[in-house]
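Read the structure below first, then the notes.
None of the figures in this text is laboratory data; all of them are computed from the coordinates on show. Every value quoted in this text rests on a predicted model; they were computed, and no experiment measured them. Positions of Cβ are generated from backbone atoms using ideal geometry, with glycine treated the same way; all protein chains shown enter the neighbour counts.
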Amino acid sequence: MNKRVYNFYAGPATLPENVLKTAQTELLNYQNSGMSIMEMSHRSPSVEKVMSSAEQSIKELLNIPEGYRVLFLQGGASSQFFMVPYNFLPKNKVANYLVTGSFAEKAYQEGAQIGQAHVAATTKELKYTRVNTPDEISLSKDVAYVHLTSNNTIYGTQWDKFPEFDVPLIADMSSDILSRQFDASKFDLIYAGAQKNLGPAGVTIVVISNDLLEISAQQKTLPTMLNYTTHAQKDSLYNTPSVFPIYIVNLVLEWLKEQGGVVEVEKQNRHKAGIIYDIIDQSDGFYQGHAQRDRSIMNITFRLQNEDLEKKFVQETADKGLIGLKGHRSVGGIRASIYNAMPVSGCQALADFMINFMRNN
Ligand SMILES: *Cc1c(COP(=O)(O)O)cnc(C)c1O
């Protein structure tokens, strides 16, 4: 391949080409410093500037009200699965989980290992073909927090309207952060691994309310690195942060603003997803969507009549420079991940291929 492909991988995922070009230009000599940003002290003014710029952009793009901090942590979204209960699940309270997919289930399992955890709703018995309706949610007594996964990356479902509670609401938004508008003030903690919609792997964005930070400040027996307050007090510089991934995230956020921010990007995302869902819906069952409702605008999952045909689909798309379409092993079939940085032309190319493939098979 001597040109860039359309990359439909679920994560790490495609990045805006202009971001990669800027990084390339600045790689050897970052803004006349005579060195790469990778080689700089994390306490240098240049790096501090990148980090505060990224924090500001996230607050601005997500429309985050006063009273929240943005942190840049490591260990992936998976480390948030245990950091959340270690900080916010006291012995006499119960963590409540909405289990609507594999990552949601993993988050629940970590909670259950650390303290009392309750599945307040799940669609597991429906093979995660949708998320729950509000009337299916039943909270336990003495709720510490409710945890949900906004977009189920593997199954291709997504909460359209978020349920509301009068207890802290915590969300794993790894695979749809900054893809659509929502009311951030309804959440006490939002986290996202960067490698789907924000940048490369290696940094996890955490947006946390001061109310929750007051709770973690009371945790006296936690390892220092596991306490959110440590990172908030030191502006994510308690230890060496992953400077290069944060630098790329900052470039992606600038790119997002150039696109018109979340309002415009959401329009694009809905348009892009519609191009592919239309083909599925008009295919008379040749393509069968996994999601029955609550379809994701980020991860589109579908099956063909048999596995041989699916293999052929994956092979032929790859030959045409449409790569990463094999579904997750737990669902099988096809998954097209179309995050913010996937251009409309990529979705159109996939849709055109799907029409031809249906004709020929
Ligand atoms: C990818 C993903 C994760 C896992 O992220 P890591 O950074 O690899 O730990 C967790 N939750 C969701 C929703 C994801 O899509």
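Neighbours of residue 83, meaning other residues whose beta-carbon lies under 15 angstrom from its beta-carbon, give a summed charge of -1 when Lys and Arg score +1 and Asp and Glu score -1.
Between residue 258 and residue 113, full extension at 0.36 nm per residue minus the direct alpha carbon distance yields a gain of 47.8 nm.
Projecting the Cα positions of 118, 233, 11 onto the charge dipole of the chain (unit charges on Cβ atoms of Lys, Arg, Asp and Glu, taken about the Cα centre) puts 11 furthest along the positive direction.
With the cut-off at under 17 Å, measuring from each backbone N in the range 128-149 to a point 7 Å along the Cα-to-Cβ line of residue 161 picks out 131-138. The label point for residue 320 and the one for residue 224, both projected 7 Å from the Cα toward the Cβ, are 5.6 nm apart.
Beyond 30 Å, what percent of the Cα pairs of the chain remain? Of all Cα-Cα pairs in the chain, 39 percent lie more than 30 Å apart. Relative to the current alpha-carbon distance between residue 4 and residue 91, full extension at 0.36 nm per residue lengthens the span by 26.1 nm. Estimated at 0.36 nm per residue, the fully extended path between residue 125 and residue 21 surpasses their Cα-Cα distance by 32.9 nm.
Hey, for a label at residue 238 modelled as a point 7 Å past Cα toward Cβ, could you say which residues of the range 187-221 have their backbone N under 19 Å away? Output list for this probe position: 189-193, 202-221.
Distance from the alpha carbon centroid of the range 129-167 to that of the range 3-51 works out to 35 angstrom. Here's the picture: charge each Lys and Arg Cβ at +1 and each Asp and Glu Cβ at -1 in the range 261-325, and of 273, 305, 289 the one pushed furthest to the positive end of that dipole is 273. Antiparallel beta bridges, as assigned by DSSP with both residues in the chain, represent about 50 percent of the total such bridges. Estimated from the Cβ-Cβ distance and a Förster radius of 41 angstrom, the FRET efficiency linking residue 211 and residue 355 is about 0.20.
With each run of n ≥ 4 DSSP H residues scored as -39500 (n - 2.57), what mean residue ellipticity at 222 nm is computed for the chain after dividing by its residue count and rounding to the nearest 500 deg cm²/dmol? Calculated from helices alone, the mean residue ellipticity at 222 nm is -12000 deg cm²/dmol.
Only alpha carbons enter this Debye calculation for the range 261-360, each as an equal point scatterer, and the log10 of I(q)/I(0) it gives at q = 0.14, 0.16, 0.20 Å⁻¹ is -0.48, -0.63, -1.01.
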